[in-house]
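Here the structure is laid out as C-alpha cells; the discussion comes afterwards.
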Amino acid sequence: MEKMVNKFYKNKKILVTGATGFKGSWLCLWLNEIGAKVYGIGYSPNKNKNLFYKLRLNEKIKYSLIDIRNLKKLKKVIKSFKPEIVFHMAAQPLIIKGYTDPFDTYTINSNGTLNILQILKSDKIIKSIVCITSDKCYKSNNSIKGFVEEDSLGGEDPYSGSKACAEIISNTYYQSFFKNKKKCGLATVRAGNVIGGGDWSENRLIPDCIKSINSNKTIVLRNPYFNRPWQHVLEPLHGYLILAKKLYENPLKFSSGWNFGSEKNTVTDVVTVVKKIIKIWGKGKLKFTKRNKYYEQKNLQLNISKAKKKLSWKPKLSIFDSINFTVEWYKQTLIHKKNPYTVTKNQIKEFLNL
C-alpha cells in the first residue's frame, strides 16, 4: 500500500491550504519527502514557534500567505499553480475561539470552503479534492457505536456549526457541479482530537502540558474526565492520502464523507493522557480547576468501519503509542535540541514501517 501511494504522488501537483498550520505542515513535509510538487497556501503564522518554519518548508515548497476568504487572490494562486489534487485544510480550528470570535470562525471555515469549491468547479485540471472538516460537525447523539457518516450534521457551538456548514457546502457543490459533470472526486473527511509534535496552539491539551512542564509550572485541567478518541496526526493524514488517490482514480465511487478516527477501545479521559505525558517526560505536576464555561461534548467517537472496509485504512498506533510519539517529538526538539525536520521525517518513516 505505502509503495503504491508513494509512487502515485511522485511529481503530482498538490495544493495544500492551511499549509502553515499544524496538520498542514506535517502533510506538506510528507508529500515533499515522497516527491510531490507541493504548493501551500497559509495564513501568517508565528515564525518563532510555528512548525512550518521549523521544518523549513518555506525553503522546500512554493507557498503564498493569503486569507482564504479573499476570493480574488485565492483564484489567482490556484489558476497559476494548476493543481491536480487539493487538500483543503485551512481553518479556524479552535472551539474556544469559535465562542470569542464566531464571525471569523464561520467566514473562515464556511466561506473559505465555498471559495475553494467555487474556483475549482470550473477548473479543467483538478482531479481530486479532499475537504477537511471535523468530528464535531455531527449533531450530538447518544449512540454507543460512534458517529457514522450518514448521521445528522449539527453542532452546539460556532466552531462545530461552521464545520457542519462546510460539509453542506461541499455536498451541494458536488451534487450540482462535480458529479456527472467533470471527472473530479470530491470528499469531506472528519477527524478530531489529533495530537503530534509541533502543535503550539492555545487551549489544546498537549501543547498546554508541554509548555507547563517545560517551564516548571503546574498543568491545570478544566475537564479531567472528558473522554476523547485521541489519535496521532499521521493517522488521519495517511487516510487523506489514500482517499485522494482513490478519488483521482474513481471519483464517482469515493466522493462522499469519510471518518478517520481511532479504534473504539482507544477512547481515553484527559487525566489519563496527562499522567502518561508526565511519566514519559519524567516530571510534571497537575491540578484540577473549575470547568470551562463553554460547552464541549463530553464524549466523542467516530465509527471508522467505512474507511476500514472501503479504503483498507486503519489506525496503526494505540493511544499510548500516539502519546509516546508526540512527547518524544517535543523532548527531542526542546530538551535534546535535535533538528525538528529530522525528528519529524524520522517519525513519518517509523510510522510507515509499522
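When the residues of the stretch 175-197 are filtered to those that are within 30 Å of Pro207 (Cβ to Cβ) and assigned to a strand (DSSP E or B), which remaining residue is nearest to the chain's Cα centre (by Cα)? Of everything passing the filter in the stretch 175-197, Val194 is nearest to the chain's Cα centre (by Cα). Among the residues of the stretch 133-142, is any open to solvent by less than 10 Å² (accessible area, probe 1.4 Å), within 20 Å of Gly239 (Cα to Cα) and hydrophobic (A, V, I, L, M, F, W, C)? Checking the stretch 133-142: at least one residue is open to solvent by less than 10 Å² (accessible area, probe 1.4 Å), within 20 Å of Gly239 (Cα to Cα) and hydrophobic (A, V, I, L, M, F, W, C).
Have a look at Gly18, Gly35 and point out the one that is out of contact with any Phe, Trp or Tyr (no Cβ under 6 Å at 6 or more places or on another chain) and in contact (Cβ under 8 Å) with a residue 60 or more places away in the chain. The match here is Gly18.
Within the stretch 70-97, the set of residues being buried (at least 20 other Cβ atoms within 10 Å of the Cβ), assigned to a helix (DSSP H, G or I) and at pLDDT below 95 comprises just one member, Ile95. Determine if the stretch 194-212 includes at least one residue that is open to solvent by less than 50 Å² (accessible area, probe 1.4 Å) and aromatic (Phe, Trp, Tyr). Within the stretch 194-212 (the criterion being open to solvent by less than 50 Å² (accessible area, probe 1.4 Å) and aromatic (Phe, Trp, Tyr)), the answer is no, since none of the residues qualifies. Kindly check whether there is at least one residue in the stretch 227-244 that is open to solvent by 10 Å² or more (accessible area, probe 1.4 Å), aromatic (Phe, Trp, Tyr), closer than 16 Å to Ile323 by Cβ and assigned to a loop (DSSP other than H, G, I, E, B). Looking through the stretch 227-244, at least one residue is open to solvent by 10 Å² or more (accessible area, probe 1.4 Å), aromatic (Phe, Trp, Tyr), closer than 16 Å to Ile323 by Cβ and assigned to a loop (DSSP other than H, G, I, E, B). Which of the residues that make up the stretch 153-185 are among the hydrophobic types (A, V, I, L, M, F, W, C), open to solvent by 10 Å² or more (accessible area, probe 1.4 Å) and within 19 Å of Ile108 (Cβ to Cβ)? Result: Leu153, Cys165, Ile168, Ile169. Applying the criterion of being more than 14 Å from Val130 (Cβ to Cβ) and more than 16 Å from the chain's Cα centre (by Cα) to the residues of the stretch 9-21, the residue that is surrounded by the most Cβ atoms within 10 Å (Cβ to Cβ) is Lys13. Scanning the stretch 289-306 for residues that are modelled with pLDDT under 90, in contact with a helix residue (DSSP H, G or I) (Cβ under 8 Å, 6 or more places away or on another chain) and either among the aliphatic types (A, V, I, L, M) or open to solvent by 90 Å² or more (accessible area, probe 1.4 Å) (or both) yields one hit, Leu300. Checking every residue in the stretch 316-333 against the condition of being under 30 Å from Ala187 (Cβ atoms), surrounded by 14 or more Cβ atoms within 10 Å (Cβ to Cβ) and modelled with pLDDT under 90 gives zero matches. For first residues located in the stretch 51-76 and closer than 19 Å to Asp199 by Cβ, partners that are crowded, with 16+ Cβ neighbours inside 10 Å and of a type in the set (A, V, I, L, M, F, W, C) and lie 6+ apart or on another chain with Cβ distances below 7 Å form the pairs Leu51/Phe22; Phe52/Ala19; Leu55/Leu29; Leu57/Cys28; Leu57/Leu29; Asn58/Phe52. A Cβ distance below 6 Å, combined with a sequence gap of six or more or placement on separate chains, defines the contacts here; from the stretch 130-149, residues that are part of a loop (DSSP other than H, G, I, E, B) and modelled with pLDDT under 95 reach residues that are surrounded by fewer than 24 Cβ atoms within 10 Å (Cβ to Cβ) and hydroxyl-bearing (Ser, Thr, Tyr) in the pairs Lys139/Ser152. Taken together, the criteria place Ser128 among residues that are open to solvent by less than 10 Å² (accessible area, probe 1.4 Å), within 24 Å of Ser80 (Cβ to Cβ) and not hydrophobic (A, V, I, L, M, F, W, C).
Residues that are at pLDDT 95 or above and at positive phi do occur in the stretch 335-347.
Residues that are touching a helix residue (DSSP H, G or I) at 6+ places or on another chain (Cβ under 8 Å) and open to solvent by 80 Å² or more (accessible area, probe 1.4 Å) were ranked within the stretch 22-59; the one that is modelled with the lowest pLDDT is Lys47.
The values are calculated or read from the model by the stated rules, or taken from the named source; none is laboratory data. Small disclaimer: the values here were computed from a predicted structure and weren't measured. Using ideal geometry, Cβ is built from the backbone for each residue, glycine included, and neighbour counts are taken over all protein chains shown. Only protein heavy atoms, including side chains, enter the accessible area calculation; ligands, DNA and RNA are left aside. Shrake-Rupley method; radii C 1.70, N 1.55, O 1.52, S 1.80 Å.
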